1. Going through the range 108-130 one residue at a time, which ones are in contact (Cβ under 8 Å) with a residue 12 or more places away in the chain, over 19 Å from L143 (Cβ atoms) and open to solvent by 30 Å² or more (accessible area, probe 1.4 Å)?
2. Would you pick out the residues in the range 11-56 that are assigned to a loop (DSSP other than H, G, I, E, B) and either touching a strand residue (DSSP E or B) at 6+ places or on another chain (Cβ under 8 Å) or under 23 Å from C90 (Cα atoms) (or both)?
3. What are the residue pairs meeting all of these: first residue in the range 140-153, first residue in contact (Cβ under 8 Å) with a residue 24 or more places away in the chain, second residue open to solvent by less than 60 Å² (accessible area, probe 1.4 Å), Cβ atoms under 7 Å, and 6 or more apart or on different chains?
4. Which condition does G35 not pass, out of (1) among the small types (G, A, S); (2) at negative phi; (3) surrounded by fewer than 18 Cβ atoms within 10 Å (Cβ to Cβ), if it passes all the others?
5. Of (1) open to solvent by 60 Å² or more (accessible area, probe 1.4 Å); (2) over 22 Å from the mean Cα position of the chain (by Cα); (3) not small (G, A, S), F50 satisfies all except one. Which?
6. Being closer than 30 Å to S7 by Cα and at pLDDT 90 or above, is that true of even one residue in the range 86-93?
Amino acid sequence: AHLFGSSEYMLRLANVPFAILLIATLAVTSRLAFGRPFAWMPVSVSPFLFMFVNQARAYSAMIACAAASAGALLVYANGTRHRHLSAGLCLSFLIAGLWFHIMTAVVVPALIVIAYCEGKKDWARWWSDWRRPLTVASPILALTGVYFLWTFAHAPRYDYGSPYLTESGYTLYKFLGLWSLGPSNSSLSGGNGWDRLAGYGALLCLGLVV
């Protein structure tokens, strides 16, 4: 906001570089790690992606950095080249994602499992590849963890209310890209706002058919 202003368009324009980073990450990962150079293309037209790019929040940055971190690790696990670079990029993007949004931490268990499975093949080589990146990143990750603990201990608690059965469909609702057409996450559980989505029903059905 200080650099580019606080207009509705500029706040959302900041998400575009992260959308490009996400698509580029998927393109490189699908080619280098899985040998499928075009597997990334459906994501470029995903309603889920457009929904988060349209929000003036750090969600796009979080998703892009988490994907880049995981992608770098998958390239490391499935390739023979760029192993030192992939290890460094994995930790760098993880740190960047954690600084953008605390929910990036949900990808950490998956990263640990992948790294452990890869390390079992040759621990000496694994340590040779990861020793320098871990040496640099460990103090930063430790300080980040301390900050998170302080935040959990001192941050104000939000009152989310009682859970509803309809919340189980919230993830599907988001992945379909319907969030901007119907109720938001604050009203989905209570069932308010569905009348707005009903007005788009005919167009959605037409789009599915076409």
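The values are calculated or read from the model by the stated rules, or taken from the named source; none is laboratory data. Bear in mind that the values here come from a model prediction, so they are computed numbers and not experimental data. Positions of Cβ are generated from backbone atoms using ideal geometry, with glycine treated the same way; all protein chains shown enter the neighbour counts. What goes into the accessible areas is simple: the full protein's heavy atoms, side chains included, and nothing from ligands, DNA or RNA. Shrake-Rupley method; radii C 1.70, N 1.55, O 1.52, S 1.80 Å.
1. The answer is A110, I114, C117.
2. Of everything in the range 11-56, those that are assigned to a loop (DSSP other than H, G, I, E, B) and either touching a strand residue (DSSP E or B) at 6+ places or on another chain (Cβ under 8 Å) or under 23 Å from C90 (Cα atoms) (or both) turn out to be A14, N15, A33, F34, G35, R36, P37, F38, A39, W40.
3. Listed by first residue and then by second, the contacts come to I140/I95; L141/I95; T144/I95; T144/L98; F148/I102.
4. So the condition that G35 fails would be (2).
5. Tallying (1) open to solvent by 60 Å² or more (accessible area, probe 1.4 Å); (2) over 22 Å from the mean Cα position of the chain (by Cα); (3) not small (G, A, S), F50 fails exactly one: (2).
6. yes
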